[in-house]
Amino acid sequence: MHDHAIQCVHDPLLVALSYLVSVLGSFTALQLAVSIPAARNTGQRLQSVLGAAAALGVGAIWAMHFIAMLACKMDMQVTYDLPLTVLSAIIGLAAVAVGLAIVGTGQFNMGKLVLAGILTGLGVAGMHYTGMAAMRMPAEIQYDGTLVIASVAIAIVASCVALWLAFNLRGWVQMLGSALVMGVAVCGMHYTGMAAAKFIPVMDANSAPTGTLGGAYLGMGIFAVATVLLSVTLVITMLRRQKRADIAI
């Protein structure tokens with residue numbers, strides 16, 4: 001039956017944009033995560049965790065995922081169910097927030113890192129496959145179990161690395177290099193998950209899908225919005241940090 005699977009051909013531009021937004025989100029998250037251990041009270045810690053989780057979970061991971069989903073061009077119309085798409089973003093945010101909260105509370109140790117990495121990785125994988133379930137098209141998805149397991153393993157390892165970097169790096173050059181690596185890891189998880197999927201037609205390929213999200217320029221639009229929001233957040237964060245440094249002097 002897989003001989004009749006519809007082929008996914010990725011748009012190189014959107015693939016490149018998905019990587020760039022992942023790097024920008026990762027770099028912004030690393031900048032924001034610095035303030036988590038330095039938080040003076042629960043309110044400050046919560047604010048720092050949610051800010052870093054939004055940058056990494058939504059900006060770097062979910063935005064990358066959705067842009068990359070839209071990069072997959074197939075010989076049929078594909079749209080996306082809005083509630084499931086929003087749910088996938090919430091899962092990404094919550095998964096990263098849990099990981100940051102676990103590792104950022106109290107003394108940093110490997111036990112916390114592994115637990116947080118597993119929970120975050122499972123959440124990231126859940127975000128990905130929820131996003132896949134949001135696809136509305138005249139086809140059904142069948143998965144290669146081995147590649148699904150591989151994608152989950154990549155998500156867990158990438159989450160462990162990301163959480164370690166978030167609490168052990170200082171200096172923007174190191175953070176930039178780490179963000180470039182994190183971008184590769186996030187994309188690796190997504191495209192492994194995509195490779196696990198086979199799209200089998202179940203009806204007339206000209207049948208209209210029932211989703212509410214779609215359009216030729218949606219991927220570039222999401223990239224533009226995510227880039228602006230992450231860039232503004234990054235600039236504000238760096239200006240505040242510089243102001244605090246000047247006051248300390």
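The values are calculated or read from the model by the stated rules, or taken from the named source; none is laboratory data. Keep in mind that what you see is a predicted model, and the values were worked out from it rather than measured. Please note: Cβ atoms are built from the backbone with ideal geometry, for glycine as well, and neighbour counts cover all protein chains shown. These accessible areas exclude ligands, DNA and RNA; they are computed on the full protein's heavy atoms, side chains included. Shrake-Rupley method; radii C 1.70, N 1.55, O 1.52, S 1.80 Å.
From the set of residues in region 120-143 that are more than 17 Å from the chain's Cα centre (by Cα) and either part of a helix (DSSP H, G or I) or of a type in the set (D, E, K, R) (or both), which is farthest from His4 (Cα to Cα)? Break it down into steps so the answer makes sense when it comes.
Residues of region 120-143 that are more than 17 Å from the chain's Cα centre (by Cα), as a first pass: 135-143.
In the following step, the residues that additionally are either part of a helix (DSSP H, G or I) or of a type in the set (D, E, K, R) (or both) were identified as 136, 140.
Values: Arg136: 19, Glu140: 12 Å.
For region 120-143, the residue satisfying everything is Arg136.
If I filter region 1-9 for residues that are out of contact with any Pro (no Cβ under 9 Å at 6 or more places or on another chain) and open to solvent by less than 20 Å² (accessible area, probe 1.4 Å), do I get at least one hit? Lay out the reasoning, then the answer.
The initial filter retains those residues of region 1-9 that are out of contact with any Pro (no Cβ under 9 Å at 6 or more places or on another chain), namely 1-3, 7-9.
Then keep just the ones that are open to solvent by less than 20 Å² (accessible area, probe 1.4 Å); that gives none.
No, that holds for no residue.
Here are some conditions: (1) hydrophobic (A, V, I, L, M, F, W, C); (2) in contact with a helix residue (DSSP H, G or I) (Cβ under 6 Å, 6 or more places away or on another chain); (3) at pLDDT 85 or above. Ala153 meets all but one. Which one does it not meet?
(2)
Taking region 98-107 as the search range and keeping residues that are open to solvent by 20 Å² or more (accessible area, probe 1.4 Å) and closer than 24 Å to Gly59 by Cβ, which one is modelled with the lowest pLDDT? Lay out the reasoning, then the answer.
Filtering region 98-107 down to residues open to solvent by 20 Å² or more (accessible area, probe 1.4 Å) leaves 98, 101-102, 105-107.
From the residues that got through so far, the ones that are closer than 24 Å to Gly59 by Cβ too are 98, 101-102, 105.
Working: Val98: 94, Ala101: 91, Ile102: 92, Thr105: 82.
In this case the residue turns out to be Thr105.
With (1) open to solvent by 10 Å² or more (accessible area, probe 1.4 Å); (2) in contact with a Phe, Trp or Tyr (Cβ under 9 Å, 6 or more places away or on another chain); (3) hydroxyl-bearing (Ser, Thr, Tyr) as the list, and Tyr19 as the residue in question, which single condition is left unmet?
Here Tyr19 meets the rest and fails (2).
When you go through (1) touching a residue at least 60 places away in the same chain (Cβ under 8 Å); (2) over 18 Å from Pro37 (Cα atoms); (3) crowded, with 22+ Cβ neighbours inside 10 Å one by one for Tyr129, which number turns out not to apply?
Unmet for Tyr129, out of (1) touching a residue at least 60 places away in the same chain (Cβ under 8 Å); (2) over 18 Å from Pro37 (Cα atoms); (3) crowded, with 22+ Cβ neighbours inside 10 Å: (3).
With respect to Leu176, determine if the residue is buried (at least 19 other Cβ atoms within 10 Å of the Cβ) and either modelled with pLDDT of 85 or more or among the β-branched types (Val, Ile, Thr) (or both).
Numbers: buried (at least 19 other Cβ atoms within 10 Å of the Cβ): no; either modelled with pLDDT of 85 or more or among the β-branched types (Val, Ile, Thr) (or both): yes.
When the stated conditions are applied, Leu176 does not pass them.
Can you name the residue in region 38-49 that is part of a helix (DSSP H, G or I) and in contact with a helix residue (DSSP H, G or I) (Cβ under 8 Å, 6 or more places away or on another chain) and is also surrounded by the fewest Cβ atoms within 10 Å (Cβ to Cβ) among such residues? Please lay out each step first, then the result.
Just the residues of region 38-49 that are part of a helix (DSSP H, G or I), to begin with: 42-49.
Applying the additional criterion that residues be in contact with a helix residue (DSSP H, G or I) (Cβ under 8 Å, 6 or more places away or on another chain) yields 45, 48-49.
Working: Arg45: 19, Ser48: 21, Val49: 25.
So, considering only residues that are part of a helix (DSSP H, G or I) and in contact with a helix residue (DSSP H, G or I) (Cβ under 8 Å, 6 or more places away or on another chain), the one surrounded by the fewest Cβ atoms within 10 Å (Cβ to Cβ) is Arg45.
State which residue is farthest from Ala139 (Cα to Cα) when the search covers only region 186-201 and only residues that are open to solvent by less than 30 Å² (accessible area, probe 1.4 Å), aliphatic (A, V, I, L, M) and part of a helix (DSSP H, G or I).
Checked region 186-201; the qualifying residue farthest from Ala139 (Cα to Cα) is Val186.
Within region 70-87, can you find the residues that are closer than 17 Å to Ser18 by Cβ, surrounded by fewer than 24 Cβ atoms within 10 Å (Cβ to Cβ) and in contact with a helix residue (DSSP H, G or I) (Cβ under 7 Å, 6 or more places away or on another chain)?
Ala71, Cys72, Thr85
Quick grid of which residues meet (1) without any contact (Cβ under 8 Å) to a residue 12 or more places away in the chain; (2) part of a loop (DSSP other than H, G, I, E, B); (3) open to solvent by less than 40 Å² (accessible area, probe 1.4 Å); (4) more than 14 Å from Val124 (Cβ to Cβ):
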position	(1), (2), (3), (4)
Ser26	no, no, yes, no
Leu30	no, no, yes, yes
Ile36	no, yes, yes, yes
Met64	no, no, yes, no
Ala68	no, no, yes, no
Gly92	no, no, yes, no
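Could you identify the single residue in Thr212, Thr192 that is modelled with pLDDT under 80, within 30 Å of His4 (Cβ to Cβ) and of a type in the set (Val, Ile, Thr)? I'd like the intermediate steps shown before the answer.
Working: Thr192 fails: modelled with pLDDT under 80.
Answer to the selection: Thr212.
Residues that are over 18 Å from Arg240 (Cα atoms) and of a type in the set (Phe, Trp, Tyr): does region 18-35 have at least one? Full working, then the answer.
Just the residues of region 18-35 that are over 18 Å from Arg240 (Cα atoms), to begin with: 18-26.
Still in the running and of a type in the set (Phe, Trp, Tyr): 19.
Yes, the conditions are met somewhere in region 18-35.
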